[in-house]
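Written below as structure tokens is the structure these notes are about.
The values are calculated or read from the model by the stated rules, or taken from the named source; none is laboratory data. None of these values were measured; they are calculated from a predicted model. Here the Cβ is made from the backbone with ideal geometry for all residues, glycine too, and neighbour counts use every protein chain on show.
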Amino acid sequence: MTRRRNVDTVRGTGRILADDQADVLLAQVSYVIIVQEEVLDPPSGPGRRSARGYLVHDHFNPDVAATLVGKPVDLELSDGRRWPCMVGDAEGALVERGAFKPPLKAE
């Protein structure tokens, strides 16, 4: 049997960047990301981790978010890390596309 458990919740204010670039698509968004881990029964070591998230509506215009639906983007977190994701709907649901990446380097 496989189940999931929440291992971390990341909240903050960041930016939406074009996929793996520094082009800013949304300058300020509040977000919540929930990181989960598969728990296997019987246990056989750490399980696969995945993440899901959403944008908090007080810092973005849903009409602007609607233009990003289905497009690959990076959410730049308040600590500088980037999370490859996709805006799943105009309500701000975020769908994982990969693991967290390090901050962009200053030019």
Subject >> Meets criteria (surrounded by 12 or more Cβ atoms within 10 Å (Cβ to Cβ), among the aliphatic types (A, V, I, L, M) and farther than 20 Å from Arg4 by Cβ) for Ala51 >> reply: no
Original post:
Does Asp89 qualify as being at pLDDT 95 or above, out of contact with any Lys or Arg (no Cβ under 6 Å at 6 or more places or on another chain), part of a loop (DSSP other than H, G, I, E, B) and not small (Gly, Ala, Ser)?
Top reply: no
Subject >> Residues of segment 20-48 satisfying the condition of being loosely packed, with under 15 Cβ neighbours inside 10 Å, among the hydroxyl-bearing types (Ser, Thr, Tyr) and touching a strand residue (DSSP E or B) at 6+ places or on another chain (Cβ under 6 Å) >> reply: none
Original post:
For the subset of segment 92-107 comprising residues that are of a type in the set (Lys, Arg) and either more than 13 Å from the chain's Cα centre (by Cα) or outside any strand (DSSP E or B) (or both), which member is nearest to Ile16 (Cα to Cα)?
Top reply: Arg97
Original post:
Which residue out of Asp8, Asp20 is touching a residue at least 24 places away in the same chain (Cβ under 8 Å), within 15 Å of the chain's Cα centre (by Cα) and outside any strand (DSSP E or B)?
Top reply: Asp20
Original post:
If a residue has to be surrounded by fewer than 17 Cβ atoms within 10 Å (Cβ to Cβ) and free of Cβ contacts under 8 Å to residues at least 40 places away in the same chain to count, how many in segment 54-80 make the cut?
Top reply: 12
